[in-house]
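Every number in this text was worked out from the coordinates using simple rules, so none of it is lab data. Model, not experiment: these values are computed from the prediction. With ideal geometry, Cβ positions are generated from the backbone for all residues, glycine too; neighbour counts draw on all protein chains shown.
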Amino acid sequence: MKNIKQIALIVALVFQAALSYAQLSWTETAPGVWKAAAGVPENYDLLKASGATPNKEALSTIAHAGFPLEQSDISIKVVDGKTYLRFPLQQDEQLYGFGLNFQTVHQRGKILQLHVDHYGGKDNGRTHAPSPFYVSSKGYGVFINSARYLNIYAGTAVRADSKNAPVAKDRNTDKSWSARPYSDAVEILVPAAGVEVYVFGGPTPLDAVRRFNLFNGGGCLPPRWGLGFTQRVKTLYTADEVKKEVAAFREKGFPLDFIGLEPGWQSKSYPCSFSWDSTRYPDPAGFVQDLLKENIRVNLWTNPYVSPQAPFYKAIVPYSGSHTVWNGLVPDFTTQQGRTLFFDQLKNNQVNIGVSGYKIDEVDGYDYYLWPDVATFPSGVTAEQMRQTFGLLVQRYSAELYHQQNKRTFGLVRGSNAGGASFPYVIYNDYYNHEDFITALINSGFAGVLWTPEARASKSSEEWLRRFQTVVFSPMAMINAWASGTKPWSYEDVAEPVKQLALLRMQMMPYWYTAFARYHFQGIPPFRAMSLEEGFVPESKKENGSASLEDNPYAEAVSKEIRDQYMAGDYLLVAPLFTGQKTRKVVLPKGRWYDFYTGAFAGDGEVITVTPGLDKIPVYVKDGAIIPMMKPMLHAPVAGEKVDLTVRYYGNKPGSWLLYDDDGETYNYEKGDYSWREIKVEKDKAGKWKGSISAPLKGKPNTVGNVTFEYMTK
């Protein structure tokens with residue numbers, strides 16, 4: 001009996017040792033970026049799917065940062081083919097990220113399963129871009145490079161051996177008792193026997209985000225026309241109907257740069273033939289070229305599921321998955337043969353005749369129509385991994401078609417993931433909650449993706465105008481009228497302010513274009529959360545304990561969550577109003593801020609209440625801000641076209657800002673064919689404001705004509 005007990009004790013000790021956490025070994029793989037391998041990482045992951053290449057030169061320009069955590073507090077264990085990761089949390093630490101969330105910005109206290117899917121109305125990890133990357137308010141980031149469904153416990157569970165375990169309280173007598181005690185760790189379950197892990201240094205949260213974006217190749221730089229205005233027409237429009245709609249934009253004086261054709265351009269859709277419908281588009285090449293002559297690009301809707309009527313259907317069968325979607329084949333894009341058959345068809349029949357981009361639908365969910373997790377693919381990539389990366393793969397290889405022709409593109413996609421920051425695509429969905437759309441725009445800056453709060457239709461002219469206001473201050477200014485047929489002027493009583501907003505979008509193109517250049521070269525998201533803005537101190541929100549089992553009290557870590565205002569570019573704070581609102585509060589960061597429209601002083605590090613009226617979306621500008629504006633053209637400037645600039649200056653302190661310039665259409669900037677020109681505003685000896693712009697660089701593109709200055713703050 002004694003020997004049996006000894007054997008049992010030894011077995012228990014061995015088992016306990018197997019379950020104990022081990023430390024990782026970290027290597028600085030790029031400036032401010034550390035990598036560790038837990039267990040035996042899988043051969044296929046997010047970075048391999050995206051093909052992301054770190055911009056180490058740009059990473060080296062960010063302020064030096066040492067490893068931001070105590071390495072001894074980061075630990076792993078691999079048990080039963082699964083990897084358990086544990087990262088420390090301080091009491092006053094807030095978390096951001098974990099993908100494209102729609103209803104929450106603060107993620108501490110959340111339990112998530114990161115899973116590519118349609119957004120279903122809850123921030124539970126199932127979303128269009130469940131990027132396994134989080135950012136801490138302490139100024140660091142963590143990325144789990146796995147193409148699996150990850151279970152996240154973002155400070156929700158308390159280990160028995162916790163260094164900072166909470167004190168047990170008596171619910172019967174202690175009003176501060178909480179159903180969810182304080183937790184000092186982020187714990188992540190990876191359903192694989194190993195994984196690559198990356199830590200990104202700061203020293204600020206924005207620096208950590210920048211490093212993450214630059215590690216993934218830097219953000220995309222769209223063509224100038226991509227930042228203009230786009231209209232998506234009804235599903236079964238014909239070539240003549242599209243041309244009629246384009247003419248209406250021109251006649252009514254509304255800007256338009258690219259038109260989106262929905263499923264009816266194809267002879268079959270759901271699944272897709274990828275061939276033009278000859279009854280609606282009898283001369284596709286002529287149609288596309290006719291629009292190009294009017295400076296209108298064509299963007300085509302599609303989904304990547306191959307109809308039996310597709311001309312390459314039989315050839316791609318051996319390179320497709322075991323299960324279909326709407327009875328269409330699912331190509332395995334991780335095979336060279338599958339990629340060639342699919343994307344050559346797009347190239348030969350669409351891109352080569354002048355089509356400028358794609359809207360890639362249905363690469364996200366739902367479970368009941370996408371392939372199940374029991375599906376198999378010829379490459380051996382699992383169904384789960386394919387689900388997590390399918391959007392990345394379609395973006396990657398469709399974008400390559402345009403790169404091969406040295407023509408930039410800008411399109412739409414329903415699913416993405418970490419690694420896709422450099423792809424020229426904006427995420428959209430059918431959820432259509434205006435308030436949540438703005439929260440998603442805020443969170444997109446943490447997820448390494450772009451998001452558009454598109455307008456489709458509205459129940460009232462007020463709602464239409466409010467939606468349109470946020471469309472103008474977003475990555476893609478789009479009306480998606482595939483079902484409604486809505487036009488910018490459909491609500492007559494607000495048609496004029498809608499037009500003025502659309503023209504404002506065009507006037508601000510030099511500002512937007514530079515913001516995206518900063519995204520590409522410096523990793524700064526063009527649209528981002530207030531928590532990434534220097535000087536932003538949200539109002540403290542004291543949380544008392546509660547006997548409710550559903551409360552989430554994190555008294556030490558919780559501040560007021562700001563999910564309805566955001567930063568746009570270097571200088572602008574945008575604070576939308578929603579239907580029914582007449583007034584709203586705006587939290588201004590420390591420093592002097594001014595009204596975008598009038599230049600009047602708005603406040604300094606305070607909470608203000610504003611009543612802007614229906615025609616205005618509240619926008620505020622930093623002290624010393626420089627906002628370059630061009631004439632309100634109906635199309636983006638074409639390559640080589642010079643435009644005159646009026647530079648708006650706000651505030652009372654000298655300002656300096658770099659304006660980005662290139663040809664606006666090609667990838668020549670990758671070869672150094674671009675310039676940054678300094679715009680300065682300062683007082684002369686007589687105390688008067690004086691503006692200047694540096695001379696154009698010899699041999700570099702120069703699209704700047706005459707420059708004048710407007711001093712907004714009187």
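Of the peptides 422-433, 488-499, 296-307, 163-174, the ranking by mean beta-carbon count within 10 Å, highest at the top, reads 296-307, 422-433, 488-499, 163-174. Note on Asp673 and Glu28: their simple-model spin labels are 3.7 nm apart, each label 7 Å out from Cα toward Cβ. For region 333-417, the average shadow cast by the Cα convex hull is 5.7 nm², which is a quarter of the hull's surface. Listed by chain and number, the aspartates and glutamates placed with their C-alpha closer than 13 angstrom to that of Lys622 are Glu533, Glu534, Asp570, Asp595, Asp604; residues fewer than eight positions away on the same chain are left out. Taking each residue as 0.36 nm, the span from Gln71 to Lys268 lengthens on full extension beyond its C-alpha to C-alpha distance by 65.4 nm.
The Rg/Rh ratio of region 626-711, with Rg taken over Cα atoms and Rh as the Kirkwood radius over Cα pairs, comes to 1.01. When Leu370, Leu658, Leu504 are sorted by how many other C-beta atoms sit within 10 angstrom of their C-beta, beginning with the fewest, the order is Leu658, Leu504, Leu370.
Listing Tyr660, Tyr198, Tyr650 from fewest to most neighbouring C-beta atoms within 10 Å gives Tyr660, Tyr198, Tyr650.
Place the peptides 65-76, 510-521 in order of packing, highest mean first, counting for every residue the other Cβ atoms within 10 Å and averaging per peptide. Numbers along the way, then the final one.
Working: 65-76: 15.5, 510-521: 23.7.
For the peptides 65-76, 510-521, the packing ranking is 510-521, 65-76.
Among 457-466, 617-626, the peptide with the highest mean count of other Cβ atoms within 10 Å heads the list, and the full ranking is 617-626, 457-466.
Only aspartates and glutamates eight or more places from Lys459 in sequence, or on another chain, were considered; those with a Cα closer than 14 Å are Glu492, Asp493. Estimated at 0.36 nm per residue, the fully extended path between Gln404 and Glu682 surpasses their Cα-Cα distance by 95.6 nm. With the convex hull drawn around the C-alpha atoms of region 224-527, the volume per residue stands at 127 Å³. Debye-formula intensities of the chain, expressed as log10 I(q)/I(0) at q = 0.10 Å⁻¹, are -1.00 (one equal scatterer per alpha-carbon, no solvent).
Per-residue Karplus couplings for region 182-191, computed as 6.51 cos²θ - 1.76 cosθ + 1.60 with θ equal to phi - 60°, are listed in order as 4, 10, 10, 7, 9, 10, 10, 9, 9, x Hz, Gly and Pro entered as x. For region 2-215, the number of Lys pairs separated by eight or more positions or lying on different chains, with C-alpha atoms closer than 17 Å, is 4. For the pair region 309-337 / region 37-98, the C-alpha centres are spaced 35 Å from each other.
Spin-label model, Leu236/Ala639: points 7 Å from Cα along the beta carbon direction are separated by 4.0 nm.
Using the rule -39500 (n - 2.57) for each DSSP H run of four or more residues, divided by the residues of the chain, the 222 nm mean residue ellipticity is -6500 deg cm²/dmol. Measuring between their Cα centroids, region 379-412 and region 584-610 lie 42 Å from each other. Full extension of the chain between Ser60 and Ala37 gives 6.0 nm of extra length, using 0.36 nm per residue less the Cα-Cα distance. Can you give me the Cα centroid spacing of region 180-245 and region 137-174 in angstrom? Between the Cα centres of region 180-245 and region 137-174 lies a distance of 26 Å. Take the Cα of Val374, step 7 Å toward its Cβ, do the same at Ala248, and the gap between the two points is 4.9 nm.
Membrane-span-like helices in the chain: DSSP H runs reaching 27 Å or more (Cα, own axis), mean Kyte hydropathy at least -1.0?
Values: long enough: 383-404 (31 Å, -0.63).
Span-like helices in the chain: 383-404.
Dividing the Cα radius of gyration of region 289-440 by its Kirkwood radius returns 0.97 for Rg/Rh. Sorted ascending by nearby beta carbons within 10 Å, beginning with the fewest, Thr334, Thr238 become Thr238, Thr334.
Which FRET efficiency, nearest 0.05, do Ser162 and Gln500 yield, Cβ-Cβ r, R0 41 Å? With R0 = 41 Å, the Cβ-Cβ based efficiency is 0.10. Pairs of Lys residues in region 630-691 that lie 8 or more places apart, or on two chains, and have C-alpha atoms under 14 angstrom apart add up to 7.
What is the mean projected area of the alpha carbon convex hull for region 198-269, to one decimal in square nanometres?
Details: hull surface 33.7 nm².
With every direction weighted equally, the projected area is 8.4 nm².
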